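Step one of this worksheet: look at the structure below.
The values are calculated or read from the model by the stated rules, or taken from the named source; none is laboratory data. The model shown is predicted, which means the values in this text are computed figures rather than measured ones. Using ideal geometry, Cβ is built from the backbone for each residue, glycine included, and neighbour counts are taken over all protein chains shown. What goes into the accessible areas is simple: the full protein's heavy atoms, side chains included, and nothing from ligands, DNA or RNA. Shrake-Rupley method; radii C 1.70, N 1.55, O 1.52, S 1.80 Å.
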Amino acid sequence: MGTTPRILAFAGSARSGSFNKRLVAIAAAGARAAGADVTLIDLRDYPLPLYDGDLEERDGLPAQARTLKDLFLANQGLLISAPEYNSSITPLLKNTIDWVSRLVTGEAPLNCFDGKVAALMSASPGALGGLRGLVHVRAILQNIRVLTIPEQIAVPNAAEAFAPDGSLKDAKQHAAIQGCGAALARMIAKLSS
Ligand SMILES: Cc1cc2nc3c(=O)[nH]c(=O)nc-3n(C[C@H](O)[C@H](O)[C@H](O)COP(=O)(O)O)c2cc1C
């Protein structure tokens, strides 16, 4: 018997009405249903300054970055719903990755990412659902040694896609997003068996 897959889930948006926060919550439920232990966080609760090397040299790693690093270290998987800004990654998600990637004395380089497995999704009011941004997020994660699973869903027309209870109105789409979370849980379980 393998151990329970541990997954950190979050959206690359701080916005209170964020479609991506709603989407990742659905995927997190799918991962839990598949047996994973999921920690769903809101990056709004981990405010970080824009990465600045002078600031880091003067003050070291911000306390919130250390907290996030510990959350990354405690989990084997990353479930990320990444909004698309101008065809790419949001500054919030990139800034989070940048701070978490910073080397702390005694730690191995990229230890918060190395060997992790990730599943990606996105939601956008536009017709492509944020698909173009996911290409960039996937490339960044790959370069910092994160294995991203092929399951990936972009939800277009997000302003009309969600029901008031946070579920997706389209039951098939809802199940597919849950399936993304479940696929991540299964992949982690396979890799750790
Ligand atoms: C600076 C900026 C750039 C954006 N660029 C895109 C884009 O390239 N493609 C797209 O589909 N939506 C784009 N959008 C719209 C976002 O998809 C929309 O704001 C979405 O609600 C953000 O995700 P959230 O709801 O999780 O906060 C952009 C929004 C902002 C603020």
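I'd like the full set of residues that are open to solvent by less than 30 Å² (accessible area, probe 1.4 Å), more than 22 Å from Pro150 (Cα to Cα) and touching a helix residue (DSSP H, G or I) at 6+ places or on another chain (Cβ under 7 Å), limited to segment 95-127.
Thr96, Trp99, Val100
From (1) closer than 29 Å to Ala189 by Cα; (2) outside any loop (DSSP other than H, G, I, E, B); (3) among the aliphatic types (A, V, I, L, M), pick out the condition that doesn't hold for Ala108.
(2)
For segment 11-42, give me each residue that is within 14 Å of the ligand (Cβ to nearest atom) and open to solvent by 50 Å² or more (accessible area, probe 1.4 Å).
Step one: list which residues in segment 11-42 are within 14 Å of the ligand (Cβ to nearest atom), which gives 11-27, 42.
Listed by number, the residues that qualify are Arg15, Ser16, Arg22.
So which of Leu79, Leu61, Leu8 is open to solvent by less than 30 Å² (accessible area, probe 1.4 Å), outside any helix (DSSP H, G or I) and away from the ligand (no atom under 16 Å from the Cβ)? Quick ask: steps written out before the conclusion?
Numbers: Leu79 fails: away from the ligand (no atom under 16 Å from the Cβ); Leu61 fails: open to solvent by less than 30 Å² (accessible area, probe 1.4 Å).
After applying the criteria, what remains is Leu8.
Run Leu92 past the list (1) outside any helix (DSSP H, G or I); (2) touching a residue at least 60 places away in the same chain (Cβ under 8 Å); (3) buried (at least 19 other Cβ atoms within 10 Å of the Cβ) and report the number of the one that doesn't hold.
That leaves (1) as the condition not met.
Would you check which residues across segment 164-193 are within 16 Å of the ligand (Cβ to nearest atom) and among the aliphatic types (A, V, I, L, M) and list them?
Leu168, Ile177, listed by residue number.
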